[in-house]
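Structure, as structure tokens:
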Amino acid sequence: MDNSIRKKVLLEISQIDKLISEAKPLIILCRQHEPDFIEKSASALLLHSFYNGVENILSIILKHYNELSFLTEKWHRELLETSFIQTDLRTNILDSSIKDQLLEYLAFRHFVRHSYGFQIEWLKMKHLIINLELTWNIVKTGIESFLDQKKTV
């Protein structure tokens, strides 16, 4: 993989690391009690930003392999789905064991983009916040393993 692509991906990884680190007090608070409107709104933005970062990484990698297409309305889902598939040019970027969780983050991101803050329901996002660090560690490990491969296939 091209070193400039690797640097872009590593920058995105560091950005998500910083995002989660900065949000740690909010994550802890949400583990302790049900958040109020402002805390739910901040949590929704955190989840939205997290998933956008994951998409940024996948976009960088898939553009490198000329596998990225924004031709359909479902390109966000297609981007994610493509990352679990091995091709002739590369191995899968992410392990399918994390697929269902990432689909939930994608769905929540979509909801947040098209709703009002008062519509956010804590029970629908609680597990996403509670498991954010674990999910990120699994995703990050997969991406770093992909980057560390000497031969992509």
> Do you know which of the residues in region 102-121 that are crowded, with 17+ Cβ neighbours inside 10 Å and not hydroxyl-bearing (S, T, Y) is nearest to S49 (Cα to Cα)?
Replying inline: R109
>> Under 9 Å between Cβ atoms, which residue pairs at least 6 apart in sequence (or on different chains) link something in region 14-41 that is modelled with pLDDT of 95 or more with a partner that is surrounded by 15 or more Cβ atoms within 10 Å (Cβ to Cβ) and outside any helix (DSSP H, G or I)?
In response: L26/P35; L29/P35; F37/I120; K40/I120; S41/P35; S41/I120
>> Being crowded, with 16+ Cβ neighbours inside 10 Å, in contact with a Lys or Arg (Cβ under 7 Å, 6 or more places away or on another chain) and in a helix (DSSP H, G or I): is that true of I60 here?
In response: yes
>> Checking L45 against (1) part of a helix (DSSP H, G or I); (2) modelled with pLDDT of 95 or more; (3) surrounded by fewer than 16 Cβ atoms within 10 Å (Cβ to Cβ); (4) over 19 Å from the mean Cα position of the chain (by Cα): exactly one of these is not met. Which one?
In response: (4)
> Just checking, how many residues over region 67-96 are buried (at least 17 other Cβ atoms within 10 Å of the Cβ) and touching a residue at least 40 places away in the same chain (Cβ under 8 Å)?
Replying inline: 3
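Is it the case, given these coordinates, that L102 is out of contact with any strand residue (DSSP E or B) (no Cβ under 9 Å at 6 or more places or on another chain) and more than 22 Å from T82 (Cα to Cα)? So that I can check it myself, show each step before the final result.
On the way: out of contact with any strand residue (DSSP E or B) (no Cβ under 9 Å at 6 or more places or on another chain): yes; more than 22 Å from T82 (Cα to Cα): no.
No: the conditions fail for L102.
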> Are there any pairs with C-beta distances below 6 angstrom linking a residue in region 51-66 that is aliphatic (A, V, I, L, M) to a residue that is in a loop (DSSP other than H, G, I, E, B) and surrounded by fewer than 20 Cβ atoms within 10 Å (Cβ to Cβ), with the two at least 6 apart or on different chains, and if so which?
Replying inline: L62/L68
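Quick check, is K99 without any contact (Cβ under 8 Å) to a residue 24 or more places away in the chain, within 11 Å of the chain's Cα centre (by Cα) and farther than 15 Å from I16 by Cβ?
On the way: without any contact (Cβ under 8 Å) to a residue 24 or more places away in the chain: yes; within 11 Å of the chain's Cα centre (by Cα): yes; farther than 15 Å from I16 by Cβ: yes.
So K99 fits the description; yes.
The values are calculated or read from the model by the stated rules, or taken from the named source; none is laboratory data. As the structure is a prediction and not an experimental result, all values here were calculated from the model. Cβ atoms come from the backbone with ideal geometry, glycine included; neighbour counts cover every protein chain shown.
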